[in-house]
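To start, the structure under review is shown below, and the notes come after it.
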Amino acid sequence: MASINLLHKEYVIEQGNFLKAGEASSAIKQILRQLGVSAGVLRRVSIASYEAELNMVIHSFGGTVSADISPHAVVLEFADTGPGIEDVELAMQDGYSTASEEIRNMGFGAGLGMRNIKRCCDGMDIVSSAGGTKLTLTFLV
């Protein structure tokens, strides 16, 4: 039987646009709040989506975030074009970062994003190559 989604939303993420970084995550959080999603799930989705969105701003050439919200789950898909993640296992280690010195001086790129994402979601799938990365996060409601 096909799953019925309550809502599908898509957002565009621009490379290097720190002024808009977090807007998609905030919009998703607002929708979930309006739908009455529990505070615990809301917090986990907010943290993971912000970290993933910021990774796209910093490391990719831009992409999209899609949110599929059903009565039982929130599924977020972050798809970007760019250099990809050379070593996903290494990227999952706390403190590992490929952020430039300029990005670090802005207060980003501490190397905690991927682990924070994984800690917050109920399911995480990542596929990355030289053409881009697709990160799918599942949160049970």
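Computed from the coordinates by the stated procedures, all read-outs in this text should not be read as laboratory data. Here the structure is a predicted model, which is why all the values come from computation and not from measurement. No Cβ is skipped: glycine too gets one built from the backbone with ideal geometry, and neighbour counts run over all protein chains shown.
Pick out which of Val41, Val127, Val75 has the largest mean-square fluctuation in a Gaussian network model of the chain, springs linking Cα atoms closer than 10 Å.
Result: Val127 has the largest fluctuation of those listed.
Cα extents of segment 85-141 along the three principal axes, largest first, in whole Å?
37, 26, 16
Compute the projected area of the convex hull of the Cα atoms of segment 1-69, averaged over all viewing directions, and report it in nm² to one decimal place.
Its average projected convex-hull area is 5.1 nm².
Over the chain, what is the relative contact order in percent, taking alpha-carbon pairs closer than 8 angstrom and at least six residues apart?
Normalised by residue count, the contact order of the chain is 27 percent.
Under a point-charge model restricted to the Cβ atoms of Lys and Arg (+1) and Asp and Glu (-1), what is the dipole moment magnitude of segment 75-140 relative to its Cα centre, in debye to the nearest 20?
The dipole magnitude comes to about 180 debye.
Pop a pseudo-label 7 angstrom from the Cα along the beta-carbon direction at both Lys118 and Gln93 and give the gap in nm to one decimal.
Once both label points are built, they end up 1.2 nm from each other.
Could you pull out the GluC sites (Glu not before Pro) across segment 12-115 that fall in loop regions by DSSP (anything but H, G, I, E, B) with no more than 12 other Cβ atoms inside 10 Å?
Answer by residue number: Glu86.
If the only charges are +1 at each Lys and Arg Cβ and -1 at each Asp and Glu Cβ, what is the size of the charge dipole of the chain around the Cα centre, to the nearest 20 debye?
580 debye
Taking θ = phi - 60°, what integer Hz values does the Karplus form 6.51 cos²θ - 1.76 cosθ + 1.60 yield along segment 72-78, in sequence order, with x for Gly and Pro?
10, 7, 10, 10, 10, 10, 9
Can you match log10 I(q)/I(0) by the Debye sum over Cα atoms at q = 0.12, 0.13, 0.17, 0.20 Å⁻¹ to one of these, (i) -0.51, -0.59, -0.98, -1.27; (ii) -0.45, -0.52, -0.90, -1.23; (iii) -0.54, -0.61, -0.89, -1.09, based on a calculation from the structure here?
The calculated read-out lines up with (ii).
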